[in-house]
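Heads up, the thing below is written out as structure tokens.
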Amino acid sequence: MAYEDFVKQADDLQNILFNLNKTEIHLHLEGLVSPDTIWELIQKNNLHYDGITTKEDIVCKFNIKNLEQFLDLYINIIQSSFKSEADLALLFKDMGSYLQENHIVYAEVFFAPSKFLKMGLDYGLMMDILTEGAKIIQETYHAEIKFLVDVSRTFGLENAMSNLDLVLAHRVPPVIGIGLGGSEQNGPAKDFVTVFDKARAEGLHTVAHAGEDMGPESVWDTVNYLHAERIGHGISSVLDEKLMDYLAEKRIPLEVCPTSNLFTQAYASVIEDHPVKKLFDKHVNVTINSDDPSLFSTSLMNEYMLLFKHQIFTKEELLLLVERNIDAAFLPEEKKKKLKEENRIITS
Ligand code: HPA
Ligand code: ZN
């Protein structure tokens, strides 16, 4: 196909994709923070970080080479800049703009309280801010958000259990479940069985990062021991045929975040080598997400267009993937049906 025709096809697809009802199901609240907001916090709270003297330095700092480096900056720069519960309210303008710019109508957003609690912030007050934030997102930006509290694998079982106990002691309608993020190498899934069992018994949804920074055995442990409903990333599953068959048969969604994986470089350093297409071809239920859009200078729309422009997925496959994101969300079936029906009017 002539180059001009491909560019025209990409433009047409971008328009269609933008107009579709989209959901994003793997998105970290603090990873949405704009450099403007972090810079505002740095100045307001009189903070000093090595190598950050201008706003531009913030994004440059995130030119990381692995997950451990990323998590270090995430905890010690991004999260550390929020010095009060009220500071978290600043995130919702960034979130609203992000959702609007991508026409995302529903998002499930991770909130990781561990570092904030260690800094002395109050969980109940943080929940008040998040609840108010969800209201603002609905009223001002016409999108619905729910939260998954990332109990974290970085700080051990006791910390994760104590986070779950806080979730249960302060139940608020926007919080619908828990997630397990952080250092996959230092916090094996098996360690958190009691946390996941208790969360499930209390009626919470459960999801977990796995196979982002560790091999297929980490994904196996997450499905066998944690019984997570969805897997965050899960891309190392591509190395295990049996696992791919199992995930496909059970229809367990993988929340794939291509650009994020290119930054952390565990299983792909260039988009052409990313396992997402092979997983898709093996009938694994992949969904597409952005993870930490501000920190990785990406967005949900950017992820779809990246996959199209590098000819990893066709237009038809991408339209199917938009539906997969809707189906994998923790939304009532009738709501999913409505979103998909509206989309079919646009694509037909
Ligand atoms: N993996 C683990 N923990 C995280 C991530 C991630 O991709 N993003 C924010 N916290
Ligand atoms: Zn993530």
Do the sum for the chain: with -39,500 (n - 2.57) for every DSSP H run of n ≥ 4, divided by all residues, what is the mean residue ellipticity at 222 nm, to the nearest 500 deg cm²/dmol? -14000 deg cm²/dmol
List the lysines whose Cα sits under 22 Å from the Cα of Lys336, skipping any in the same chain fewer than 8 residues away. Lys22, Lys135, Lys146, Lys250, Lys315
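Taking trypsin sites (Lys or Arg not before Pro) as candidate sites, keep only those in a DSSP loop with at most 14 other Cβ atoms within 10 Å, then name the longest stretch of the chain containing none of them. List each step's numbers first, then the result.
Numbers: sites that count: Lys65, Arg171, Arg251.
In short, 66-170.
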Shape category assigned to the stretch 60-154 from the gyration tensor of Cα positions, a/c cut at 1.5: oblate
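Can you put Thr222, Thr259 in order, fewest other beta carbons within 10 Å first?
Values: Thr222 30, Thr259 20.
Fewest-to-most Cβ neighbours within 10 Å comes out as Thr259, Thr222.
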From the Cα centre of the stretch 100-125 to that of the stretch 197-229, the distance in Å is 20
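Below 8 Å, C-alpha to C-alpha, sequence gap of six or more: please give me the relative contact order for the stretch 1-134 in percent. Don't skip to the answer; put the middle values down first.
On the way: 105 pairs, mean separation 51.6, N = 134.
That works out to 39 percent.
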Net charge around Leu262, counting only other residues with Cβ within less than 15 Å of its Cβ (Lys, Arg = +1; Asp, Glu = -1)? -4
Provide His205, His103 in ascending order of the number of other Cβ atoms located within 10 Å of each residue's Cβ, fewest first. His103, His205
So what's the net charge close to Arg230: Lys and Arg +1, Asp and Glu -1, counting the other residues with Cβ under 10 Å from its Cβ? -3
Extension length gain for Asp5 and Lys118 (0.36 nm per residue less Cα distance), in nm, is 35.2 nm
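Based on the inverse mean of 1/r over its pairs of different Cα atoms, what is the Kirkwood hydrodynamic radius of the stretch 3-347, in Å?
On the way: mean 1/r = 0.0494 Å⁻¹.
Hydrodynamic radius (Kirkwood, Cα only) of the stretch 3-347 equals 20.3 Å.
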Got a sec? How would Ser294, Ser114 order by Cβ neighbour count within 10 Å, fewest to most? Ser114, Ser294
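Read the figures in this text as sums done on the coordinates, not as results from a lab. Only a predicted model underlies this, so the values are computations on that prediction, with no experimental measurement involved. Virtual Cβ from ideal backbone geometry, glycine too; neighbours counted across all protein chains shown.
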